[in-house]
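Below you'll find the structure, written out as structure tokens, and then a few comments.
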């Protein structure tokens, strides 16, 4: 039975980043091998969380989403994210936040969620496993209204150079060559894209804010937030007035400023979407949305 820690209120993302990055700088060495890579068997929880209508309107404007009386799925992710982050910065969490790579998301948005809903959010870590360049795991967040599960999201992260067992042989991953589909649109993302997302979602991760703050953490420039890219895609693909599932996988970062070509394709059961560099042709993300 997983223990439950009631946080009382959603923690500040700023304080969580400060704690996580500070712990990484002090205590983590790349390439370490440790027998202590065990996930904490605990669920963090916040109850009676209320969305803010001003944030909903600002989100809809940022993403070009339709103005409607239901919460977009990435906005729900943003409400749950501080609870999920609080798990990742625990003293007994075995992987370093510094350098953690966001690989993918898989979400069940089980029914429309009203902006006036009172929500309970929980999050836990699970499925610690090997990856060719380190260790990956899932952070699972659940959102309930009056006890009913209405949203469940699984975010997969990678800690490079941290090994569950013996270090794996180096080498590039074997992937199918990327062939860009027929372009149906293009996004022009300016240097302030990360700051605009942060202002709406409260997620002031330094790697997304400016070239200066990103370079301090080893990036050559600021990169677009993965959830910003997902939100832009879902604004054009997610159904209205119904539940749906969606998933996204991230391939290469979108450095800011940048131009991203995108494609939306009817797959029969849903809508597939993808984005790639307008100049480089490199794939940035792929995903699919399916109505329930």
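The values are calculated or read from the model by the stated rules, or taken from the named source; none is laboratory data. All values derive from a computational prediction rather than experimental measurement. Neighbour counts run over all protein chains shown; Cβ positions are idealised from the backbone, glycine included.
Please go through the stretch 266-281 and pick out each residue that is within 29 Å of residue 114 (Cα to Cα) and assigned to a loop (DSSP other than H, G, I, E, B). Write out each step before concluding.
Initial filter on the stretch 266-281 (within 29 Å of residue 114 (Cα to Cα)): 266-274.
If the condition is that a residue be within 29 Å of residue 114 (Cα to Cα) and assigned to a loop (DSSP other than H, G, I, E, B), then 267, 268, 269 are the ones that fit.
Which of the following residues is under 22 Å from residue 195 (Cα atoms) and surrounded by fewer than 19 Cβ atoms within 10 Å (Cβ to Cβ): 144, 132, 61, 90? Full working, then the answer.
On the way: 144 fails: under 22 Å from residue 195 (Cα atoms); 132 fails: under 22 Å from residue 195 (Cα atoms); 90 fails: under 22 Å from residue 195 (Cα atoms).
From the options 144, 132, 61, 90, the qualifying one is 61.
Of the residues that make up the stretch 256-265, is at least one part of a loop (DSSP other than H, G, I, E, B) and closer than 21 Å to residue 61 by Cβ? Please lay out each step first, then the result.
Applying the first criterion (part of a loop (DSSP other than H, G, I, E, B)) to the stretch 256-265 yields 256-257.
Now drop any that are not closer than 21 Å to residue 61 by Cβ, which leaves 256-257.
Yes - at least one qualifying residue is present in the stretch 256-265.
Looking only at the stretch 277-292, count how many residues are touching a helix residue (DSSP H, G or I) at 6+ places or on another chain (Cβ under 8 Å) and more than 12 Å from residue 107 (Cα to Cα). Spell out the reasoning first.
Residues of the stretch 277-292 touching a helix residue (DSSP H, G or I) at 6+ places or on another chain (Cβ under 8 Å): 284-285, 287, 289.
Next, from what is left, pick out any that are more than 12 Å from residue 107 (Cα to Cα): 284-285.
Residues meeting the conditions: 2.
I'd like the residue in the stretch 260-292 that is crowded, with 20+ Cβ neighbours inside 10 Å and without any contact (Cβ under 8 Å) to a residue 40 or more places away in the chain and, out of all such residues, is nearest to residue 230 (Cα to Cα).
Only one residue tops the list, namely 286.
Would you confirm whether or not the stretch 198-207 contains a residue that is touching a strand residue (DSSP E or B) at 6+ places or on another chain (Cβ under 9 Å), at pLDDT below 95 and surrounded by 15 or more Cβ atoms within 10 Å (Cβ to Cβ)?
So the first thing to find is which residues in the stretch 198-207 are touching a strand residue (DSSP E or B) at 6+ places or on another chain (Cβ under 9 Å), and the list is 207.
From the residues that got through so far, the ones that are at pLDDT below 95 too are 207.
If we keep only those that are surrounded by 15 or more Cβ atoms within 10 Å (Cβ to Cβ) as well, we get 207.
Within the stretch 198-207, one or more residues are touching a strand residue (DSSP E or B) at 6+ places or on another chain (Cβ under 9 Å), at pLDDT below 95 and surrounded by 15 or more Cβ atoms within 10 Å (Cβ to Cβ).
Could you say whether any residue in the stretch 22-29 is under 19 Å from residue 83 (Cβ atoms) and modelled with pLDDT of 95 or more?
Within the stretch 22-29 (the criterion being under 19 Å from residue 83 (Cβ atoms) and modelled with pLDDT of 95 or more), the answer is no, since none of the residues qualifies.
Out of 165, 171, report the one residue that is at pLDDT below 90, touching a strand residue (DSSP E or B) at 6+ places or on another chain (Cβ under 9 Å) and in a loop (DSSP other than H, G, I, E, B). Before you say what the answer is, go through the steps one by one.
On the way: 171 fails: touching a strand residue (DSSP E or B) at 6+ places or on another chain (Cβ under 9 Å).
So the residue among 165, 171 that is at pLDDT below 90, touching a strand residue (DSSP E or B) at 6+ places or on another chain (Cβ under 9 Å) and in a loop (DSSP other than H, G, I, E, B) is 165.
Between a first residue in the stretch 121-148 that is at positive phi and at pLDDT below 95 and a second residue that is buried (at least 19 other Cβ atoms within 10 Å of the Cβ) and in a loop (DSSP other than H, G, I, E, B), which pairs have beta carbons less than 7 Å apart while being 6 or more apart in sequence or on different chains?
Going by the 7 Å Cβ cut-off, the qualifying pairs are 134/162.
I need the full set of residues from the stretch 1-21 which are in a helix (DSSP H, G or I) and modelled with pLDDT under 85, in order please. Break it down into steps so the answer makes sense when it comes.
Applying the first criterion (in a helix (DSSP H, G or I)) to the stretch 1-21 yields 13-21.
20, 21, listed by residue number.
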